[in-house]
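> The structure that follows is given in the form of C-alpha coordinates.
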Amino acid sequence: MQLKRIVIGDDHPMFREGMGHLAQAMFPDAQIDFAETMLEVCGHARQGEPPELFLLDLMFPGMEIEVTLPELRRKYPLASIILISMIDDEATVALALSSGGDGFIHKAVPRERCSAAIARVLAGEYVVELEGHDSDVMLQADAVQVSLTARQRTVLDMLGDGASNKEIARELGISHLTVRLHVSAVLRLLGVTKRKEAVAKAKALGLLDETDETVPQGQS
(Lines give C-alpha, C1' and ligand atoms only; values in the text may rest on other atoms or scores of the structure.)
Protein backbone atom coordinates (compact mmCIF):
# COMPACT_ATOMS: atom_id res chain seq x y z
CA MET A 1 0.00 0.00 0.00
CA GLN A 2 1.25 3.45 -0.92
CA LEU A 3 0.22 6.53 1.04
CA LYS A 4 0.23 10.14 -0.11
CA ARG A 5 0.03 11.99 3.21
CA ILE A 6 1.05 11.19 6.78
CA VAL A 7 0.90 13.45 9.83
CA ILE A 8 3.12 12.67 12.82
CA GLY A 9 2.40 14.39 16.13
CA ASP A 10 4.80 14.17 19.09
CA ASP A 11 6.42 16.84 21.25
CA HIS A 12 9.61 14.81 21.74
CA PRO A 13 12.04 15.49 18.84
CA MET A 14 13.77 12.11 19.13
CA PHE A 15 10.56 10.09 18.87
CA ARG A 16 9.17 12.40 16.20
CA GLU A 17 12.29 12.03 14.08
CA GLY A 18 12.46 8.28 14.62
CA MET A 19 8.85 7.79 13.62
CA GLY A 20 9.48 9.96 10.58
CA HIS A 21 12.35 7.73 9.46
CA LEU A 22 10.21 4.64 9.94
CA ALA A 23 7.28 6.11 8.00
CA GLN A 24 9.56 7.30 5.20
CA ALA A 25 11.08 3.84 4.89
CA MET A 26 7.62 2.27 4.66
CA PHE A 27 6.14 4.90 2.35
CA PRO A 28 8.97 6.59 0.42
CA ASP A 29 6.63 8.63 -1.79
CA ALA A 30 4.46 9.98 1.01
CA GLN A 31 4.43 13.59 2.16
CA ILE A 32 5.13 13.57 5.89
CA ASP A 33 4.20 16.52 8.08
CA PHE A 34 5.51 16.87 11.62
CA ALA A 35 3.71 18.55 14.52
CA GLU A 36 4.62 19.29 18.13
CA THR A 37 1.05 20.05 19.23
CA MET A 38 -2.43 18.86 18.35
CA LEU A 39 -3.17 22.31 16.97
CA GLU A 40 -0.33 21.86 14.49
CA VAL A 41 -1.61 18.38 13.61
CA CYS A 42 -5.00 19.84 12.70
CA GLY A 43 -3.36 22.68 10.78
CA HIS A 44 -1.33 20.28 8.64
CA ALA A 45 -4.34 18.04 8.09
CA ARG A 46 -6.40 20.90 6.66
CA GLN A 47 -3.81 21.65 3.98
CA GLY A 48 -4.05 19.76 0.70
CA GLU A 49 -5.42 16.25 0.43
CA PRO A 50 -6.69 14.64 3.64
CA PRO A 51 -4.03 12.57 5.43
CA GLU A 52 -4.39 8.82 5.17
CA LEU A 53 -2.45 8.12 8.35
CA PHE A 54 -2.03 9.90 11.68
CA LEU A 55 0.74 8.72 14.03
CA LEU A 56 0.12 10.52 17.30
CA ASP A 57 1.57 10.57 20.78
CA LEU A 58 -1.14 9.89 23.31
CA MET A 59 0.02 12.61 25.67
CA PHE A 60 1.27 15.79 24.00
CA PRO A 61 0.08 19.43 24.01
CA GLY A 62 -3.53 19.77 22.92
CA MET A 63 -4.35 16.06 23.02
CA GLU A 64 -7.51 15.42 25.02
CA ILE A 65 -8.38 11.80 24.38
CA GLU A 66 -12.15 12.01 24.78
CA VAL A 67 -12.41 15.28 22.83
CA THR A 68 -9.59 15.38 20.29
CA LEU A 69 -9.78 11.84 18.93
CA PRO A 70 -13.55 11.76 18.26
CA GLU A 71 -13.25 15.11 16.47
CA LEU A 72 -10.30 13.90 14.39
CA ARG A 73 -12.21 10.74 13.51
CA ARG A 74 -15.27 12.77 12.51
CA LYS A 75 -13.24 15.02 10.22
CA TYR A 76 -11.13 12.24 8.68
CA PRO A 77 -13.28 9.09 8.68
CA LEU A 78 -11.15 7.30 6.09
CA ALA A 79 -7.81 7.92 7.80
CA SER A 80 -6.04 5.44 10.06
CA ILE A 81 -5.28 6.88 13.50
CA ILE A 82 -2.54 5.11 15.44
CA LEU A 83 -1.62 6.18 18.97
CA ILE A 84 2.01 5.75 20.03
CA SER A 85 2.90 6.24 23.68
CA MET A 86 4.89 5.10 26.71
CA ILE A 87 1.58 4.69 28.54
CA ASP A 88 0.33 1.12 28.55
CA ASP A 89 -2.37 0.84 31.20
CA GLU A 90 -5.45 -0.94 29.92
CA ALA A 91 -7.96 1.77 30.81
CA THR A 92 -6.11 4.52 28.92
CA VAL A 93 -5.48 2.34 25.88
CA ALA A 94 -9.12 1.26 25.81
CA LEU A 95 -10.27 4.87 26.11
CA ALA A 96 -8.03 5.98 23.24
CA LEU A 97 -9.26 3.22 20.97
CA SER A 98 -12.92 3.68 21.85
CA SER A 99 -12.51 7.41 21.18
CA GLY A 100 -11.45 6.89 17.58
CA GLY A 101 -8.04 5.24 17.43
CA ASP A 102 -7.44 2.30 15.10
CA GLY A 103 -4.39 0.98 16.89
CA PHE A 104 -2.01 1.48 19.79
CA ILE A 105 1.76 0.94 19.76
CA HIS A 106 3.98 1.24 22.83
CA LYS A 107 7.08 3.35 22.18
CA ALA A 108 9.31 0.55 23.47
CA VAL A 109 8.12 -1.86 20.77
CA PRO A 110 10.99 -2.73 18.37
CA ARG A 111 11.08 -1.02 14.99
CA GLU A 112 10.19 -4.18 13.05
CA ARG A 113 7.11 -4.85 15.16
CA CYS A 114 6.11 -1.21 14.92
CA SER A 115 6.29 -1.29 11.11
CA ALA A 116 4.32 -4.53 11.03
CA ALA A 117 1.66 -3.09 13.34
CA ILE A 118 1.24 0.00 11.16
CA ALA A 119 0.88 -2.18 8.07
CA ARG A 120 -1.74 -4.33 9.80
CA VAL A 121 -3.79 -1.30 10.82
CA LEU A 122 -3.69 0.01 7.26
CA ALA A 123 -4.86 -3.42 6.09
CA GLY A 124 -7.93 -3.06 8.28
CA GLU A 125 -6.88 -4.86 11.46
CA TYR A 126 -7.39 -3.64 14.99
CA VAL A 127 -3.92 -3.72 16.57
CA VAL A 128 -2.56 -3.27 20.09
CA GLU A 129 1.21 -3.65 20.46
CA LEU A 130 2.45 -3.32 24.02
CA GLU A 131 5.95 -3.52 25.42
CA GLY A 132 7.17 -7.06 25.88
CA HIS A 133 9.16 -9.87 24.37
CA ASP A 134 9.47 -10.23 20.63
CA SER A 135 7.15 -12.79 19.11
CA ASP A 136 10.07 -14.98 18.01
CA VAL A 137 11.24 -15.21 21.62
CA MET A 138 7.76 -15.92 22.91
CA LEU A 139 7.30 -18.72 20.39
CA GLN A 140 10.14 -20.58 22.10
CA ALA A 141 8.99 -19.85 25.64
CA ASP A 142 7.98 -22.50 28.14
CA ALA A 143 4.52 -22.24 29.62
CA VAL A 144 5.83 -20.72 32.85
CA GLN A 145 7.48 -17.89 30.90
CA VAL A 146 4.33 -16.74 29.13
CA SER A 147 3.45 -13.66 31.17
CA LEU A 148 -0.32 -13.76 31.08
CA THR A 149 -2.23 -11.76 33.66
CA ALA A 150 -5.02 -13.49 35.57
CA ARG A 151 -7.66 -11.87 33.34
CA GLN A 152 -5.76 -12.74 30.16
CA ARG A 153 -5.53 -16.34 31.36
CA THR A 154 -9.30 -16.39 31.88
CA VAL A 155 -9.83 -15.03 28.37
CA LEU A 156 -7.45 -17.65 26.98
CA ASP A 157 -9.37 -20.40 28.78
CA MET A 158 -12.59 -19.12 27.23
CA LEU A 159 -10.97 -18.98 23.79
CA GLY A 160 -10.05 -22.61 24.31
CA ASP A 161 -13.70 -23.33 25.08
CA GLY A 162 -14.69 -21.74 21.77
CA ALA A 163 -16.26 -18.60 23.25
CA SER A 164 -16.83 -15.59 21.02
CA ASN A 165 -15.90 -12.04 22.06
CA LYS A 166 -19.55 -11.35 22.79
CA GLU A 167 -19.81 -14.41 25.02
CA ILE A 168 -16.59 -13.52 26.85
CA ALA A 169 -17.79 -9.96 27.44
CA ARG A 170 -21.13 -11.17 28.80
CA GLU A 171 -19.57 -13.83 31.03
CA LEU A 172 -16.92 -11.51 32.51
CA GLY A 173 -19.10 -8.42 32.67
CA ILE A 174 -16.70 -6.31 30.60
CA SER A 175 -17.02 -4.34 27.38
CA HIS A 176 -16.49 -5.83 23.93
CA LEU A 177 -13.59 -3.41 23.45
CA THR A 178 -11.88 -4.61 26.62
CA VAL A 179 -12.26 -8.20 25.43
CA ARG A 180 -10.56 -7.26 22.16
CA LEU A 181 -7.70 -5.71 24.12
CA HIS A 182 -7.27 -8.88 26.17
CA VAL A 183 -7.43 -11.10 23.08
CA SER A 184 -4.84 -8.92 21.30
CA ALA A 185 -2.55 -9.14 24.33
CA VAL A 186 -2.92 -12.93 24.46
CA LEU A 187 -2.08 -13.25 20.76
CA ARG A 188 0.96 -11.01 21.18
CA LEU A 189 2.29 -12.91 24.19
CA LEU A 190 1.89 -16.22 22.39
CA GLY A 191 3.52 -14.87 19.24
CA VAL A 192 0.56 -15.58 16.95
CA THR A 193 -1.91 -13.53 14.93
CA LYS A 194 -5.07 -15.65 14.99
CA ARG A 195 -7.28 -17.03 17.74
CA LYS A 196 -7.01 -20.61 16.45
CA GLU A 197 -3.23 -20.29 16.48
CA ALA A 198 -3.37 -18.98 20.06
CA VAL A 199 -5.38 -21.99 21.20
CA ALA A 200 -3.00 -24.39 19.42
CA LYS A 201 0.07 -22.65 20.86
CA ALA A 202 -1.42 -22.59 24.35
CA LYS A 203 -2.08 -26.32 24.13
CA ALA A 204 1.49 -26.92 22.98
CA LEU A 205 2.77 -24.96 25.99
CA GLY A 206 0.49 -26.81 28.35
CA LEU A 207 -1.64 -23.76 29.12
CA LEU A 208 -4.77 -25.46 27.80
CA ASP A 209 -5.88 -29.07 27.90
CA GLU A 210 -5.78 -30.92 24.61
CA THR A 211 -9.46 -31.73 25.12
CA ASP A 212 -10.47 -28.04 25.00
CA GLU A 213 -12.65 -27.10 22.05
CA THR A 214 -11.35 -25.10 19.12
CA VAL A 215 -12.64 -21.64 18.37
CA PRO A 216 -15.79 -21.46 16.26
CA GLN A 217 -15.69 -20.48 12.61
CA GLY A 218 -15.67 -16.74 12.04
CA GLN A 219 -13.57 -16.11 15.17
CA SER A 220 -10.14 -17.03 13.74
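The values are calculated or read from the model by the stated rules, or taken from the named source; none is laboratory data. The structure displayed is predicted, hence computed values, not measured ones. In this analysis, Cβ positions are derived from the backbone assuming ideal geometry, glycine residues included, and neighbour counts consider all displayed protein chains.
> Considering only the range 30-71, state which residues are closer than 16 Å to Ala119 by Cβ and not aromatic (Phe, Trp, Tyr). Walk me through it before giving the result.
From the range 30-71, those closer than 16 Å to Ala119 by Cβ are 30, 52-55; that's our starting set.
Answer for the range 30-71, where residues must be closer than 16 Å to Ala119 by Cβ and not aromatic (Phe, Trp, Tyr): Ala30, Glu52, Leu53, Leu55.
> Go through the range 79-94 and count every residue that is more than 23 Å from Arg16 (Cα to Cα), in contact (Cβ under 8 Å) with a residue 24 or more places away in the chain and out of contact with any His (no Cβ under 9 Å at 6 or more places or on another chain).
Narrowing the range 79-94 to residues more than 23 Å from Arg16 (Cα to Cα): 90-91, 94.
Restricting the remaining residues to those that are in contact (Cβ under 8 Å) with a residue 24 or more places away in the chain gives 90, 94.
After this cut, where a residue has to be out of contact with any His (no Cβ under 9 Å at 6 or more places or on another chain) as well, the list is 94.
Here the count works out to 1.
> Can we say Arg170 is part of a helix (DSSP H, G or I), over 20 Å from the mean Cα position of the chain (by Cα) and closer than 19 Å to Ala94 by Cβ? If you could, list the steps in order and put the result at the bottom.
Working: part of a helix (DSSP H, G or I): yes; over 20 Å from the mean Cα position of the chain (by Cα): yes; closer than 19 Å to Ala94 by Cβ: yes.
It is true that Arg170 is part of a helix (DSSP H, G or I), over 20 Å from the mean Cα position of the chain (by Cα) and closer than 19 Å to Ala94 by Cβ.
> Going by what's in this entry, would Phe60 be described as at pLDDT below 95, surrounded by 19 or more Cβ atoms within 10 Å (Cβ to Cβ) and hydrophobic (A, V, I, L, M, F, W, C)? Step through it out loud before you land on a result.
On the way: at pLDDT below 95: yes; surrounded by 19 or more Cβ atoms within 10 Å (Cβ to Cβ): yes; hydrophobic (A, V, I, L, M, F, W, C): yes.
Yes, satisfied.
> Looking at (1) at pLDDT 85 or above; (2) surrounded by fewer than 19 Cβ atoms within 10 Å (Cβ to Cβ); (3) acidic (Asp, Glu), which one does Asp142 not meet, given that it meets all the others?
Of everything listed in (1) at pLDDT 85 or above; (2) surrounded by fewer than 19 Cβ atoms within 10 Å (Cβ to Cβ); (3) acidic (Asp, Glu), Asp142 misses just condition (1).
> Any idea which of Gly9, Gly43 is out of contact with any Cys (no Cβ under 9 Å at 6 or more places or on another chain) and crowded, with 18+ Cβ neighbours inside 10 Å?
Working: Gly43 fails: crowded, with 18+ Cβ neighbours inside 10 Å.
When all the criteria are applied, what remains is Gly9.
> Can you confirm whether Ile105 is at pLDDT below 95, under 24 Å from Arg180 (Cα atoms) and crowded, with 21+ Cβ neighbours inside 10 Å?
Values: at pLDDT below 95: yes; under 24 Å from Arg180 (Cα atoms): yes; crowded, with 21+ Cβ neighbours inside 10 Å: yes.
It is true that Ile105 is at pLDDT below 95, under 24 Å from Arg180 (Cα atoms) and crowded, with 21+ Cβ neighbours inside 10 Å.
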